[in-house]
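Data block below; observations after.
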There are 4 protein chains.
Amino acid sequence: MYSVAILGASGYAGGELIRFVDNHPGFEVSFLGAHRSAGETLGAVHPQLSGGDRALEAFDLERVSETDLVFMALPHGASGEPAMQLAGSGSKIVDLGSDFRLDTPERYLEAYGQDHPYPEELGKWVYGIPELFRDSIAPSDRVAVPGCYPTSAIIPLVPLIDARLIETRGIVVDSMSGVSGAGRGVSGSLQYGAIDESVKAYSMLTHRHRPEMEQTLDMFGTAPTSVLFTPHLVPMQRGLLSTIYASAATDTSLESLTGAFDEQYVDALFVKRSEAPPETRWVVGSNNLMVSIHLDERTSTVVIVSAIDNLVKGAAGQAVQSANLMFGFGESTGLPSEGWMP
Amino acid sequence: MYSVAILGASGYAGGELIRFVDNHPGFEVSFLGAHRSAGETLGAVHPQLSGGDRALEAFDLERVSETDLVFMALPHGASGEPAMQLAGSGSKIVDLGSDFRLDTPERYLEAYGQDHPYPEELGKWVYGIPELFRDSIAPSDRVAVPGCYPTSAIIPLVPLIDARLIETRGIVVDSMSGVSGAGRGVSGSLQYGAIDESVKAYSMLTHRHRPEMEQTLDMFGTAPTSVLFTPHLVPMQRGLLSTIYASAATDTSLESLTGAFDEQYVDALFVKRSEAPPETRWVVGSNNLMVSIHLDERTSTVVIVSAIDNLVKGAAGQAVQSANLMFGFGESTGLPSEGWMP
Amino acid sequence: MYSVAILGASGYAGGELIRFVDNHPGFEVSFLGAHRSAGETLGAVHPQLSGGDRALEAFDLERVSETDLVFMALPHGASGEPAMQLAGSGSKIVDLGSDFRLDTPERYLEAYGQDHPYPEELGKWVYGIPELFRDSIAPSDRVAVPGCYPTSAIIPLVPLIDARLIETRGIVVDSMSGVSGAGRGVSGSLQYGAIDESVKAYSMLTHRHRPEMEQTLDMFGTAPTSVLFTPHLVPMQRGLLSTIYASAATDTSLESLTGAFDEQYVDALFVKRSEAPPETRWVVGSNNLMVSIHLDERTSTVVIVSAIDNLVKGAAGQAVQSANLMFGFGESTGLPSEGWMP
Amino acid sequence: MYSVAILGASGYAGGELIRFVDNHPGFEVSFLGAHRSAGETLGAVHPQLSGGDRALEAFDLERVSETDLVFMALPHGASGEPAMQLAGSGSKIVDLGSDFRLDTPERYLEAYGQDHPYPEELGKWVYGIPELFRDSIAPSDRVAVPGCYPTSAIIPLVPLIDARLIETRGIVVDSMSGVSGAGRGVSGSLQYGAIDESVKAYSMLTHRHRPEMEQTLDMFGTAPTSVLFTPHLVPMQRGLLSTIYASAATDTSLESLTGAFDEQYVDALFVKRSEAPPETRWVVGSNNLMVSIHLDERTSTVVIVSAIDNLVKGAAGQAVQSANLMFGFGESTGLPSEGWMP
């Protein structure tokens, strides 16, 4: 059994990490780290989990450094310092945060509006989409798991860009996310009265996940990618749906699109294509990503609908999937391949 | 007091029509028509309304033809016959259905996949957006109220097309609607278990409201319009949000966009622009439409976010607004200019 | 037109008060008071309302004292000081808070666990249920509007107690409230993630509304009342349903129960009895209270189901209803007698 | 591996049964039976599950009779015939329906208003609450799993009745259920528009689960039990909360209540007591039942709050728990002891 530390155990992604590790045959929780909730029991913050008398503790890097695997599920900006302090320990790190996803200081500055505190680290971390970067993830000891929105967009777009079936400029990613994507922090804009029975767009034109999408898509195309990304918040707990619009290349047919997709993901256990546009309830609770692909011949536009559970394939599930590769387990070990409905 | 018949009184739009007419100083309900619910009391189908002992009756065209005003809130295809039978009566008709919105048999065939039963009627009905067609609605006795999705898209797009600030080809309208937009019919896809905690796209590339949008936008542009429309269903009762993408024309600035919009609607009581993207809860319960306009300079794309209550500005409210013009009342008479929140 | 000050304008009840006053033929808003939101525009906190450029202002008691009518919709404990400062001004006060509802210092201490700061005031305020205390409210200039839970329980229980049809000891009031009943303050327990898709009981055995119920019921019975009250929070914005259990007196029949109820409320515009248990959506948006009455002969228990909109009949609507009496308007003036559904 | 047939595979409980069996180390699905959905693939009705190309088939009793274990998750009245046809086969049956839960023809007639078609069967089936009837379930080949409401009420009440701490007459069970408890059938009363943002009581005084509660509680008390049961429907998918009121016996203390409960369930893996009233989100997704116990000394009333996931501990989970006992597996094998939140 490999020992696991989870930093940020009190959040929603932290709770799912604990649940997956508790049910994993090769990992076991040995340290639960929290900031504000340090000193509380697990049962007080996650009453849905077993072992409610386990303690949430302040970060004790010495103890963390003795574990085999560290999951960090921390707010933006909070992963840097513990990651640096763990350098030199034997612990492998899977970071669910956004600190180490981008590849250059310039891109980081553009996305987050400030300089990266450890710019020399950028580029050392592997971007944790197992379906695309399996061979890099397996030998790595530093993996940065993508954001939920980029996961939903990159996986379906890559095979189409790779096969030159769509234009890389002016891709529109229009997404809706359940509220758990905003984390468990307390704010007026996340009160029930502000969310229930309403939808809204937010972070118009400036959401931080856009550079992350472009960076990865750029790896597969011949020309630079530009994405226009509009996230929306919808009144549900979990689930993320992206509707993606891209100009079709000349001669692109529906068959070429679905063919390229199917070929890319023939061995991907968690990636599924359906004819009908997927509903988020089809994937909630599982690590699956479901996609439908459409071609609007009137406007020569490829339309993709992509659905994930933002806390599973969009966060904790994808993190465990990467960790499985890093420790030699089967990629789906301990992960739910079946969701719950309703 | 003008007497009013409401055909389709048992539906959601029918209920809102009754509520608005009950509170209107110049209209009064004199006939409530229903198909399946004929013979029931109003209280049995709309327990939220007063006068619950009023009867829902089978369509009695003779009695209907004695009223001054007929609202028809019927399923697609059901307005044609009663409308034709009322020809020659003095009753003015406001149809909330889709039978008489399109202007040519060709466009109708494209949208609905079948020939129109009364093709000679097409073009005789005025399209009921008061903010754009006030002068045609006032003298008319036949008004076809737009669908909810077209209302949300046409009102913000018209001034930008009219001022040549956006390209008319390849406009993307990506919308989310509350479930009441699907009406009150019973189906497995509208069960609570199929809707709650999930979102989905539907009618991919083929939704019937798209030709309606193009028809009206074509009236204001120099080149034909093409729209790619993707509706989504989200777990809430009311509210409709459209996020609209259009290529900016050369030299278009944010100021030119907001300026054109503000100038067009300077006198429109129910159309409001906000800097922040509007949330649907800001308009639910009122006849307001709220819009924000954005310009993405990276991709030269204009992004518009537009919010309405699908049952009010998207249906019953806009119908009463048109009727007010037809009968010489102030345009906002009897209509809610303030919504409820939460 | 009578001028109106609304203190606590930024809350949910405050927003409804503004909406009702804006639509009232005899009242007009002349001062909007707020604590934390002072300095903001109305549009910033209530974007659903008209006149969004109206200012929210810090309490200026001098200006408030020049108005004819003051609504106070403040957190518990915050009404006392402004109420005392307005003594001697000509302003009539309708308080939606709980500071002046109880009749004795002892009962206040029992309910709130501390001494009342102005004990001599207790007993001077009229309890604002127009259906029961119309004659006292009309000439009063100090009215304390009941809480939402007591409103739902007292109105149906009074005629049954008054007619000696139920025992007054051991009445169980088991209620569910929509989340707006908890107000608009920000807390972790009111976040969307803590409310959606879950229900819970709270304030077990100790909720502050219980003494309020007993105080009023005691006025109608021959023996002291004891109530066991369990409130639950359910995932919806508005609406409150109470299911009430009381032991039937000897010889009580269903006919005697419904007869007593109907007789008491024969002239009450907003109180309605139905055979089927009312659903909250039947009353949401209106000032109505709907009740069904049942008799379980197996256990000799009377069961009552009672539904209101907690923000309307349970707060702002009942406040305006009382104010109508105080200023000589018809009791239902400016109040919605029809709700919205869905 | 034991082979398993699931009859009623297309419903919500059927879907959960498939999920649990797919993840069970000792059971495997070998037949999926459905009525209306026969001929469809599993993926068409349960897109959240794996193996979507598995067929749903019309009941083929010959093939079913070759399986080791048959789960029946059928509408009321539909279990009788297949159960009788399987008599003599070696298949063990776990019925999630209500056909075989009651012990006498008289009680069945009272509950369901008609005679039982196979009265000689009543009393042969073991009532499937493992925490109470472990020793009878293990050797049985016919188990009738309780309804969701009875499960939530019986488990907490039994130790208190058994220890003579509460009166057995006039117990009030006031419950709220998520909508999945009503099954997956299509009806107007289960449409999103009829459920969302509303609560209601239903089956006032006459719900069929009441005799089931009394039958089992009678086994533990000295005097006959009488229960008054009021179920409510609340706008959420899963979760069931019961708030239970019973008169305290003389000398009952809070300590005696919690002591009796804790002693009864010291070895019950899925039954947990908390000081605070449990929220349904604490148990949704798991097979847990959580309880809090309170004593109101003012009215000498014991109040219990009890929470389960109606589809897991209230249906499919409890069925698998019983099957585990019948086949010699550990009671919790293949069952989730940790829920999801949010």
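As a test of understanding, state the convex hull volume per residue of the protein assembly as shown from its alpha carbons, in Å³. Write down the numbers at each step before the final one.
On the way: hull volume 244.0 nm³, N = 1368.
Spelled out: Cα convex hull of the protein assembly as shown, divided by residues, is 178 Å³.
Please report the antiparallel percentage of the DSSP beta bridges confined to the protein assembly as shown, to the nearest 5. List each step's numbers first, then the result.
On the way: 106 of 226 bridges.
Among the beta bridges of the protein assembly as shown, antiparallel pairing accounts for roughly 45 percent.
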**Request:** Give the residue from D:G77, D:Y108, D:T168 lying farthest towards the positive end of the charge dipole for the range D:40-182; charges sit on Cβ (+1 for Lys and Arg, -1 for Asp and Glu) and the dipole is referred to the Cα centre.
**Result:** D:T168
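Over the range A:149-310, what is the relative contact order in percent, taking alpha-carbon pairs closer than 8 angstrom and at least six residues apart? The partial results should precede the final answer.
On the way: 330 pairs, mean separation 50.0, N = 162.
Contact order relative to length: 31 percent.
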**Message:** At a cut-off of 50 Å², which residues of the range B:1-43 become less accessible once all protein chains are present than in their chain alone, using a 1.4 Å probe?
**Reply:** B:Y12
**Request:** Starting from the Kirkwood radius over alpha-carbon pairs of the range D:119-159, derive D by Stokes-Einstein at 37 °C in a medium of 0.692 mPa s and give it in µm² s⁻¹.
**Result:** 300
**Item:** Average beta-carbon neighbours from other chains, 10 Å sphere, peptide D:169-182
**Value:** 4
**Request:** Find out how many positive minus negative residues lie around D:Q215, taking Lys and Arg as positive, Asp and Glu as negative, among other residues whose Cβ is under 14 Å from that of D:Q215.
**Result:** -2
**Message:** With an 8 Å Cα cut-off and a minimum separation of 6 or more residues, compute the relative contact order for chain B in percent.
**Reply:** 17
**Fill in**
For D:K272, the lysines lying under 22 Å Cα to Cα, once residues fewer than eight places off in the same chain are dropped, come out as C:K200, D:K313
**Request:** Classify the range C:65-211 as rounded, prolate or oblate, taking a ≥ b ≥ c as the square roots of the eigenvalues of its Cα gyration tensor: rounded when a/c is under 1.5, otherwise prolate if a/b is larger than b/c and oblate if not.
**Result:** oblate
**Fill in**
Copies of B:R36 compared via label points 7 Å along Cα→Cβ give distances in nm, shortest first, of 1.4, 4.6, 4.8
**Message:** With the cut-off at 1.5 for a/c, could you classify chain B from its C-alpha gyration tensor as rounded, prolate or oblate?
**Reply:** prolate
**Message:** With a 10 Å cut-off between alpha carbons and a GNM built on chain D, which of D:H76, D:H116, D:H294 moves the most?
**Reply:** D:H76
**Request:** Name the residue, out of D:R210, D:R63, D:R101, whose mean-square fluctuation peaks in a Gaussian network model built on chain D with Cα pairs under 10 Å.
**Result:** D:R63
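Under a point-charge model restricted to the Cβ atoms of Lys and Arg (+1) and Asp and Glu (-1), what is the dipole moment magnitude of the range A:247-298 relative to its Cα centre, in debye to the nearest 20? If you can, show how the numbers build up before the last one.
Values: 4 positive and 9 negative charges, 62 e Å.
Dipole size: approximately 300 debye.
Could you work out [θ]222 nm for chain B from helices alone, using -39500 (n - 2.57) per DSSP H run of at least four and dividing by all its residues? Round to the nearest 500 deg cm²/dmol. Walk me through the numbers before you get to the answer.
Details: 11 runs with 91 residues, N = 342.
Using -39500 (n - 2.57) per qualifying helix, the result is -7000 deg cm²/dmol.
Please compute the average number of Cβ atoms from other chains found within 10 Å of each residue's Cβ in peptide C:246-259.
Numbers: counts 0, 1, 0, 0, 0, 0, 0, 0, 0, 0, 0, 0, 0, 0.
Whole-number average of other-chain Cβ neighbours for C:246-259 is 0.
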**Prompt:** Which loop trypsin sites (Lys or Arg not before Pro) in the range B:256-342, with loop taken from DSSP, have no more than 15 other Cβ atoms within 10 angstrom of their Cβ?
**Reply:** B:R298
**Item:** Innermost chain C residue relative to the axis carrying C onto A, by Cβ distance in angstrom
**Value:** C:Y192, 2
**Asked** For labels at C:A44 and C:T222 in the simple 7 Å Cα→Cβ model, what's the distance in nm?
**Response** 6.1
**Inter-copy label distances at A:P105 (7 Å, Cα→Cβ; nm, one decimal)** = 7.1, 7.2, 8.9
**Fill in**
Checked the range D:1-67 with the C-alpha gyration tensor, a ≥ b ≥ c its square-rooted eigenvalues, rounded below a/c of 1.5, otherwise prolate if a/b is larger than b/c and oblate if not; verdict oblate
**Asked** D:C148: accessible area at probe 1.4 Å, nearest 10 Å²?
**Response** 20
**Prompt:** Karplus couplings for the range C:47-52 from phi (6.51 cos²θ - 1.76 cosθ + 1.60, θ = phi - 60°), rounded to Hz, Gly and Pro as x?
**Reply:** x, 7, 9, 7, x, x
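How large is the charge dipole for the protein assembly as shown, taken about the Cα centre, if only the Cβ atoms of Lys, Arg (+1) and Asp, Glu (-1) carry charge, to the nearest 20 debye?
Details: 88 positive and 168 negative charges, 0 e Å.
With Lys and Arg at +1 and Asp and Glu at -1, about 0 debye.
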**Message:** So the label point sits 7 Å from Cα along the Cα-to-Cβ vector; using that for A:R134, what distances do you get to the other copies, in nanometres, sorted shortest first?
**Reply:** 4.4, 6.5, 7.8
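Loop-only GluC sites (Glu not before Pro) in the range B:219-310, please: DSSP not H, G, I, E or B, and at most 13 other Cβ atoms within 10 Å. Present the calculation step by step, with values, prior to reporting the outcome.
Values: sites: B:E255, B:E263, B:E275, B:E279, B:E297; in loops: B:E275, B:E279, B:E297.
Qualifying residues, ordered by number: B:E275, B:E297.
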**Message:** When only alpha-carbon atoms are used, what values of Rg and Dmax, in angstrom, describe the range D:149-310?
**Reply:** 15.8, 50
**Using a Förster distance of 60 Å, the FRET efficiency for D:R298-B:E81 (Cβ separation, nearest 0.05)** = 0.35
**Asked** Cα centroid distance between the range D:88-139 and the range B:41-75, in Å?
**Response** 50
**Label point distance in nm, D:E106-D:V186, each placed 7 Å from Cα along Cα→Cβ** = 4.4
**Request:** Please report the buried accessible area for the interface of C with B, total over both chains, probe 1.4 Å, in Å² to the nearest 100.
**Result:** 2400
**Item:** Antiparallel %, DSSP beta bridges [both residues in the range C:160-255], to 5
**Value:** 55
**Request:** Determine the percent antiparallel among the DSSP beta bridges restricted to chain C, to the nearest 5.
**Result:** 45
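Take every residue in peptide C:277-289, count the Cβ atoms of other chains within 10 Å of its Cβ, and give the average of those counts. Write down the numbers at each step before the final one.
On the way: counts 7, 3, 11, 5, 12, 7, 3, 4, 4, 4, 0, 3, 0.
Counting other chains' Cβ atoms within 10 Å and averaging over C:277-289 gives 5.
Around C:G147, under 11 Å between beta carbons, what's the net of Lys plus Arg minus Asp minus Glu among the other residues? If you can, show how the numbers build up before the last one.
Numbers: positive: C:R101, C:R208, C:R210; negative: C:E212.
Charge balance in the 11 Å sphere: +2.
The values are calculated or read from the model by the stated rules, or taken from the named source; none is laboratory data. What you see is a predicted model; the values in this text were computed from it and never measured. Note: ideal-geometry Cβ built from the backbone for every residue, glycine included; neighbour counts use all protein chains shown. SASA here: full protein model, heavy atoms, side chains in, ligands and nucleic acids out. Shrake-Rupley method; radii C 1.70, N 1.55, O 1.52, S 1.80 Å.
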